[in-house]
Amino acid sequence: VFSLVSGPKKEKKLPRYFEYNELEELFNVCDDTPMGQRDLLILEMLYGTGVRVGELVNIKVKDIDLSTKSILILGKGNKERIVTYGEYCRDALITYLNDGYHRLNIKNEEYLFLNKNGGVITERGVRYVLEQIIKRTSLNKNISPHMLRHSFATHLLSNGADMRTVQELLGHANLSSTQIYTHVSNEHLKNTYM
């Protein structure tokens, strides 16, 4: 009898994201060492392009077009897409490519992000880097690569970007994947109004 009765819908958790001032604090704790340059670029790329951590670690230097400020990304399901980046990310990228990358790249790797031993950084390695960065801030938050992706999407929508554009930028196959952010931007509107 009860097989036809459906239970209450499980409430979807809203994605956690960083406010602008929190992001600024994250960016400001990176120093000018090769590792600091790399760490700043990791932050800038995750936040400034909205790429997934798996996409980030697979970026090769040849995938980057400095003249158009764009990167060829191999996304989920081996789908390729082009992401663009802004001035802050460009500056961090140029600094890293001209200095830190050469000093870290002792194994002549083609990948952009390297670990302290000159090998390709892993997804776990990126998570560890982010954990170390947040420890140097006053922020009492956990951090994950996806939080930076959520921050990217949330800030775009809060500043008037349309849902389809954000869908394209995030590489979502379906708009339904992107619609979780409407709740976040509605929450932002409500808070602003209050």
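Of the residues making up region 62-94, those that are touching an Asp or Glu at 6+ places or on another chain (Cβ under 8 Å), open to solvent by less than 70 Å² (accessible area, probe 1.4 Å) and closer than 13 Å to L41 by Cα are Y85, C89, A92, L93.
Considering only residues in region 144-176 that are within 22 Å of T122 (Cα to Cα) and either of a type in the set (K, R) or modelled with pLDDT under 85 (or both), the one that is surrounded by the fewest Cβ atoms within 10 Å (Cβ to Cβ) turns out to be G171.
Contact map, region 137-161: first residue free of Cβ contacts under 8 Å to residues at least 24 places away in the same chain, second residue open to solvent by 20 Å² or more (accessible area, probe 1.4 Å) and part of a loop (DSSP other than H, G, I, E, B), Cβ cut-off under 6 Å, separation 6 or more or different chains; the map is empty.
Of everything in region 66-86, what is over 22 Å from I121 (Cβ atoms) and either in a strand (DSSP E or B) or touching a residue at least 40 places away in the same chain (Cβ under 8 Å) (or both)? Give them in sequence order.
Going residue by residue through region 66-86, those that are over 22 Å from I121 (Cβ atoms) are 67-69, 77, 79, 82, 84, 86.
Answer for region 66-86, where residues must be over 22 Å from I121 (Cβ atoms) and either in a strand (DSSP E or B) or touching a residue at least 40 places away in the same chain (Cβ under 8 Å) (or both): G77, K79, I82, T84.
Taking the numbered list (1) among the aliphatic types (A, V, I, L, M); (2) closer than 25 Å to I64 by Cβ; (3) in contact with a Phe, Trp or Tyr (Cβ under 9 Å, 6 or more places away or on another chain) in turn, L139 passes all entries but (2). Selection of region 45-61 for residues being within 16 Å of M147 (Cα to Cα), assigned to a loop (DSSP other than H, G, I, E, B) and open to solvent by 10 Å² or more (accessible area, probe 1.4 Å) yields only R52.
The values are calculated or read from the model by the stated rules, or taken from the named source; none is laboratory data. What you are looking at is a predicted structure, and each value in this text was computed from that prediction instead of being measured. Ideal geometry is used to build each Cβ from the backbone, glycine not excepted, and the neighbour counts take in all protein chains shown. Accessible surface is based on the protein model in full, side chains and every heavy atom, while ligands, DNA and RNA are left aside. Shrake-Rupley method; radii C 1.70, N 1.55, O 1.52, S 1.80 Å.
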